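S.K.: Submitted below is the structure of interest, expressed as structure tokens.
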Amino acid sequence: MNLLATTSVLAVSSYALLSAIYRSVQTLNALRTEVPSPTDYASEAGPLPSVDVIVPCFNEDPRTLSACLESIASQDYEGQVRVYVVDDGSENRKYLWPVQDAYTDDPRFNFMWLGKNVGKRKAQIAALHRSSGDLVLNVDSDTIIAVDVLTRLVRKMQNPAVGAVMGQLTASNRTGTWLTRLIDMEYWLACNEERLAEARFGAVLCCCGPCAMYRRSALDLVLHEYETQYFRGKPSDFGEDRHLTILMLAAGFRTEYVPDAIAATVVPDRLVPYLRQQLRWARSTFRDTALALPLLASLDFYITLDIVGQNLLPLLLGASILTALAQIALTSEFPWPTVLIIASMTMVRCSLAAFRTRQLRFLAFALHKPISMFLLLPVKAYALCTLSNSDWLSRKVANMPDSGEGQASTLRQTGHSGIAPSMGETATRAHAFDVDGT
């Protein structure tokens, strides 16, 4: 065996060893995480906490936003709920105004129209300054939450040590394309392997933005740091969910995951938007991983392994691929050990997911591996080299649907409808909030 072949085997063996250790410990912790049984609220002492639901939107399809608000309006939660919909200077605003009109008679709903686009984080903060609920639920405008999400998340927040909690994410457009099917499975693995294992130690590292609840008193402690995050002298305008979660952990609060609080969100159905999203997420992960490092001494050792696994495994996989390609190019030898080891590790993970879910479709998640190796790895490398770039990359005006066309979702609720104006309709609003929400 020549030197190049030896290097290739060593690289892929290191990848396989770390992957086997990390995934095994992760799966064991995920399986051991206790999922609480439903509790009768009538047995709880005192009133239920009030909840403010914040829905920032920018250039959203009005039908998608309407479906989101319908799901919030249909919640079975018995406590006080107020909803703050914050339009962040959308360019298609006249098509969103009828959404507000549909909720004119619902006193729970408040609409804020910011005077210009200031970013999702500042839109959330504008609503935070105008609200006063005990708990705050952030919901993305393209997300539909199941009818019991508020009830289930609030139940977890009854522990005063918990500062933040997230629900389980699924793809509302799962059946759209081959890519949306893969992303839906990717979300299940991220939630029910990674987040569920972290939740065993009360240290979920990212309470994902589409459906995350926070304790108001905890938010007050970290709000200034959240609002004024900078990276290399520039304001950081994305990755708000991961950054806020790390701030919660730094303040001494637990962060949790509730797998039976289901939120269905729209995912990219084409490869280019998906890669743009992954580029933005990769930059956020790299930025906030550094922020989390000082916390590791106070957290369980598994969280250290988790961060090492998430960041080192892609590097080892990349080294394995590069040495394999070099072996082919320079020696004309096919790197069978590399191919067989990566394929075996992939099929073991997919088979375990299929067994846990009792769904054979997870065997097809093996098709995601080539995307991960040849597309996502270069994207992560590019993200690491361009960490100072804060461009959202995908914040464009949504295509307006034709009349009669709706959004398909397994969680969509019935309720307000008839929100889309004709394309020629002109509308005005007497007032738009300034940047600070005033």
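S.K.: Do we find a residue being open to solvent by 70 Å² or more (accessible area, probe 1.4 Å) and within 30 Å of P160 (Cβ to Cβ) anywhere in the stretch 330-345?
M.R.: So far as the stretch 330-345 goes, no, none of its residues is open to solvent by 70 Å² or more (accessible area, probe 1.4 Å) and within 30 Å of P160 (Cβ to Cβ).
S.K.: In the stretch 97-127, which residues are farther than 17 Å from S390 by Cβ, touching an Asp or Glu at 6+ places or on another chain (Cβ under 8 Å) and modelled with pLDDT of 95 or more?
M.R.: If the condition is that a residue be farther than 17 Å from S390 by Cβ, touching an Asp or Glu at 6+ places or on another chain (Cβ under 8 Å) and modelled with pLDDT of 95 or more, then F111, M112, W113, L114, A126, A127 are the ones that fit.
S.K.: Looking at the stretch 353-368, which of the residues that are buried (at least 16 other Cβ atoms within 10 Å of the Cβ) and of a type in the set (A, V, I, L, M) is farthest from A190 (Cα to Cα)?
M.R.: Ranking the qualifying residues of the stretch 353-368, first place goes to A354.
S.K.: Sort out which residues of the stretch 216-226 are farther than 19 Å from D52 by Cα and among the acidic types (D, E), and write them in order of number.
M.R.: Result: E225, single match.
Let's see how each residue does on (1) open to solvent by 20 Å² or more (accessible area, probe 1.4 Å); (2) assigned to a helix (DSSP H, G or I); (3) touching a Pro at 6+ places or on another chain (Cβ under 9 Å):
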{"position": "K116", "(1), (2), (3)": "yes, no, no"}
{"position": "Q124", "(1), (2), (3)": "no, yes, yes"}
{"position": "A127", "(1), (2), (3)": "no, yes, yes"}
{"position": "S141", "(1), (2), (3)": "no, no, yes"}
{"position": "V147", "(1), (2), (3)": "yes, no, no"}
{"position": "R152", "(1), (2), (3)": "yes, yes, yes"}
{"position": "P160", "(1), (2), (3)": "yes, no, no"}
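S.K.: Across the stretch 267-303, what is the number of residues that are crowded, with 17+ Cβ neighbours inside 10 Å, more than 24 Å from T170 (Cα to Cα) and among the hydroxyl-bearing types (S, T, Y)?
M.R.: Total meeting the criteria: 1.
S.K.: Oh, and also: If a residue has to be of a type in the set (D, E) and within 18 Å of M166 (Cα to Cα) to count, how many in the stretch 194-248 make the cut?
M.R.: 4
S.K.: Do you know which residues across the stretch 171-195 are over 20 Å from W281 (Cα atoms) and in a helix (DSSP H, G or I)?
M.R.: Residue satisfying the conditions is W178 alone.
Residue by residue, here is whether (1) in contact with a Phe, Trp or Tyr (Cβ under 7 Å, 6 or more places away or on another chain); (2) modelled with pLDDT under 80; (3) not aromatic (F, W, Y) holds:
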| position | (1), (2), (3) |
| --- | --- |
| L322 | no, no, yes |
| F374 | no, no, no |
| M400 | yes, yes, yes |
| Q407 | no, yes, yes |
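Residue-by-condition table, conditions (1) in a loop (DSSP other than H, G, I, E, B); (2) without any contact (Cβ under 8 Å) to a residue 40 or more places away in the chain:
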site	(1), (2)
S71	no, no
Y77	yes, no
R82	no, no
S90	yes, no
Y95	no, no
T104	yes, yes
N110	no, yes
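S.K.: Any residue at all in the stretch 379-386 that is modelled with pLDDT of 90 or more, open to solvent by 70 Å² or more (accessible area, probe 1.4 Å) and in contact with a Lys or Arg (Cβ under 9 Å, 6 or more places away or on another chain)?
M.R.: Within the stretch 379-386, one or more residues are modelled with pLDDT of 90 or more, open to solvent by 70 Å² or more (accessible area, probe 1.4 Å) and in contact with a Lys or Arg (Cβ under 9 Å, 6 or more places away or on another chain).
S.K.: I would also like to ask the following. Does the stretch 65-94 hold any residues that are buried (at least 20 other Cβ atoms within 10 Å of the Cβ) and among the polar types (S, T, N, Q), and which are they?
M.R.: S66, S71, Q75, S90
S.K.: Right, something else. Among the residues of the stretch 252-266, write down those that are part of a loop (DSSP other than H, G, I, E, B) and surrounded by 15 or more Cβ atoms within 10 Å (Cβ to Cβ).
M.R.: Selection gives F253, V266.
S.K.: Can you find, within the stretch 219-273, the residue that is nearest to I144 (Cα to Cα) among those that are in contact with a strand residue (DSSP E or B) (Cβ under 7 Å, 6 or more places away or on another chain) and among the aromatic types (F, W, Y)?
M.R.: The selected residue is Y257.
S.K.: For the stretch 199-251: of the residues being touching an Asp or Glu at 6+ places or on another chain (Cβ under 9 Å) and in a strand (DSSP E or B), which is surrounded by the most Cβ atoms within 10 Å (Cβ to Cβ)?
M.R.: C211
S.K.: Out of all the residues in the stretch 130-164, which are over 17 Å from Y187 (Cβ atoms) and hydrophobic (A, V, I, L, M, F, W, C)?
M.R.: Correct list: L135, V136, L137, V147, L150, L153, V154, M157, A161, V162, A164.
S.K.: Looking only at the stretch 8-38, which residues are open to solvent by 60 Å² or more (accessible area, probe 1.4 Å) and modelled with pLDDT of 90 or more?
M.R.: L10, L17, I21, R23, S24, L28, L31, R32
S.K.: Tally up the residues in the stretch 213-230 that are among the acidic types (D, E) and over 13 Å from A250 (Cα atoms), please.
M.R.: Total satisfying the criteria: 2.
The values are calculated or read from the model by the stated rules, or taken from the named source; none is laboratory data. The model shown is predicted, which means the values in this text are computed figures rather than measured ones. Neighbour counts run over all protein chains shown; Cβ positions are idealised from the backbone, glycine included. For accessibility, only protein heavy atoms count, side chains too; no ligands or nucleic acids. Shrake-Rupley method; radii C 1.70, N 1.55, O 1.52, S 1.80 Å.
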